[in-house]
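Inspection log for the structure reproduced underneath, given as structure tokens.
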Amino acid sequence: YTKKYGKNNYTIYSEELDQKTAYKLILERDLKLAITNQELTLHYQPIIDLKTEEVRAMEALIRWNHPELGLVPPDSFIPISEESGQIVAIGKWVLYEACAQNKAWQNSGFPSIKICVNISTIQLQHPNFIQTVQQVLEDTGLEARWLELEVTESILMEETKTLKDSLIKLKALGISLSIDDFGTGYTSLSYLRQFSFDRVKIDRSFVSDIAGDLSGKAITSTIISLAHKLDMQVIAEGIEDEVQLSFLKDENCDEGQGYYFSRPLPAELHNWFKVPGDNKTVK
Ligand code: C2E
Ligand code: MG
Ligand code: MG
Ligand code: MG
């Protein structure tokens with residue numbers, strides 16, 4: 001890398017800069033061309049109804065297929081794109097791509113499911129966001145009820161009227177809203193209810209604690225029962241084994257997602273619709 005990239009905008013001396021910084025600089029520079037060069041791609045992870053084990057939704061998860069670095073995970077480049085503002089264009093691309101894919105699944109005769117799209121705070125705060133969502137639905141022909149936007153708790157920290165208005169407008173379009181990674185921030189569930197969120201996704205860290213200490217169990221079951229009392233559905237993230245799954249089922253968790261069912265996969269590799277008489281939903 002040092003040789004190849006050193007001649008361009010940045011002079012990278014691998015001995016002096018730690019590798020992490022060098023990596024970040026490369027990503028920062030190359031991200032500018034990622035959309036144009038069609039290097040971004042979406043993987044999809046099924047969200048399963050824990051009662052029937054049928055697929056209810058797919059979450060779209062972005063990956064960057066970098067020509068030299070290979071598949072770059074979102075945690076490495078989404079923050080960079082947020083700093084630079086590129087997230088607005090990237091997010092628009094994701095929204096379009098995900099809605100078009102869901103419409104394509106419907107057109108090929110599959111039962112209708114929701115497509116869940118992660119939205120960054122920066123996108124949500126952009127003045128054209130609602131218009132973009134509307135335009136994407138119109139262009140792809142996807143009905144609003146098959147789209148769900150996932151936002152993290154951090155957006156609610158900035159309690160602005162504009163934000164609340166945006167959420168209300170999005171709901172008015174007929175799309176649903178969920179709170180991602182719930183439990184990692186400082187938001188109370190009753191506060192979420194005010195913002196008209198339909199669903200809460202329990203953060204993976206609590207699910208992975210289920211088998212371990214008592215607090216993992218206590219926290220997950222409290223979130224589930226409180227959310228239900230407030231009329232919100234609950235999705236558990238990061239289910240990896242039978243122990244976690246049966247606990248969540250016992251606690252009446254509505255839906256689940258995780259490697260136990262399926263890893264995120266490219267659309268064409270999914271073979272996930274329930275075949276009558278077959279008790280395997282995904283694989
Ligand atoms: P997230 O929305 O909470 O997505 C769940 C993450 O957990 C995904 O990581 C998924 O691959 C991973 N995961 C799912 N099941 C399991 C499991 O059983 N075990 C373990 N260990 N991990 C599991 P991924 O794909 O690397 O995405 C990371 C984060 O990047 C996402 O967290 C989301 O916050 C963000 N992200 C992904 N795609 C987009 C996007 O299109 N736009 C924006 N703004 N953010 C995105
Ligand atoms: Mg998510
Ligand atoms: Mg999450
Ligand atoms: Mg996460």
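Things to note:
- Filter result (without any contact (Cβ under 8 Å) to a residue 40 or more places away in the chain and in contact with a Leu (Cβ under 6 Å, 6 or more places away or on another chain)) within region 107-133: I119
- Residue match in region 198-209 (condition: more than 16 Å from ligand 4 (Cβ to nearest atom), of a type in the set (S, T, Y) and within 22 Å of Y260 (Cα to Cα)): no
- Every residue from region 69-101 that is more than 14 Å from Y23 (Cα to Cα), open to solvent by 60 Å² or more (accessible area, probe 1.4 Å) and of a type outside the set (S, T, Y): E82, E83, K92, W93, E97
- The set of residues in region 187-199 being at pLDDT 90 or above and either open to solvent by 50 Å² or more (accessible area, probe 1.4 Å) or among the basic types (K, R) (or both) consists of R199 alone.
Let's see how each residue does on (1) away from ligand 2 (no atom under 16 Å from the Cβ); (2) open to solvent by 70 Å² or more (accessible area, probe 1.4 Å); (3) of a type in the set (S, T, Y); (4) not in a loop (DSSP other than H, G, I, E, B):
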{"position": "G185", "(1), (2), (3), (4)": "no, no, no, no"}
{"position": "K201", "(1), (2), (3), (4)": "no, no, no, yes"}
{"position": "V207", "(1), (2), (3), (4)": "no, no, no, yes"}
{"position": "A211", "(1), (2), (3), (4)": "yes, no, no, no"}
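- Selection from region 182-205 of residues that are of a type in the set (D, E, K, R) and either over 15 Å from the mean Cα position of the chain (by Cα) or over 17 Å from A218 (Cα atoms) (or both): R193, D198, R199
- Taking the numbered list (1) at pLDDT 85 or above; (2) more than 21 Å from the chain's Cα centre (by Cα) in turn, T11 passes all entries but (1).
- S120 under 25 Å from W64 (Cα atoms), surrounded by fewer than 16 Cβ atoms within 10 Å (Cβ to Cβ) and in contact with a Ser or Thr (Cβ under 9 Å, 6 or more places away or on another chain): no
- When residues in region 48-79 are screened for being of a type in the set (D, E) and farther than 27 Å from R145 by Cβ, 2 of them pass.
For every residue, the table says whether it meets (1) away from ligand 4 (no atom under 16 Å from the Cβ); (2) closer than 25 Å to Q45 by Cα; (3) loosely packed, with under 14 Cβ neighbours inside 10 Å.
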position	(1), (2), (3)
S108	yes, yes, yes
P111	yes, yes, yes
K114	yes, yes, no
E150	no, yes, no
L163	yes, no, no
S166	yes, no, no
G174	yes, yes, yes
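- Checking region 215-223 against the condition returns no match, with no residue being away from ligand 4 (no atom under 16 Å from the Cβ), open to solvent by 10 Å² or more (accessible area, probe 1.4 Å), in contact (Cβ under 8 Å) with a residue 12 or more places away in the chain and under 17 Å from R56 (Cα atoms).
- Any chance N65 is surrounded by fewer than 15 Cβ atoms within 10 Å (Cβ to Cβ) and part of a strand (DSSP E or B): yes
- Output for region 213-245, where each listed residue is closer than 23 Å to Y191 by Cα, under 21 Å from the mean Cα position of the chain (by Cα), aliphatic (A, V, I, L, M) and not in a loop (DSSP other than H, G, I, E, B): I223, I224, A227, V234, I235, A236
- Candidates K103, K92, K51, filtered to the one that is in a loop (DSSP other than H, G, I, E, B) and either within 19 Å of R263 (Cβ to Cβ) or modelled with pLDDT of 95 or more (or both): K51
- For region 224-241, the candidate set comprises residues that are charged (D, E, K, R) and away from ligand 4 (no atom under 16 Å from the Cβ); within that set, the residue that is least open to solvent (accessible area, probe 1.4 Å) is D241.
The values are calculated or read from the model by the stated rules, or taken from the named source; none is laboratory data. No experiment lies behind these values; they were computed from the predicted model shown. A quick note on method: Cβ atoms are made from the backbone with ideal geometry, for glycine too, and the neighbour counts reach across all protein chains shown. For the accessible areas, the whole protein counts, side chains as well, though only heavy atoms, and no ligand, DNA or RNA atoms are used. Shrake-Rupley method; radii C 1.70, N 1.55, O 1.52, S 1.80 Å.
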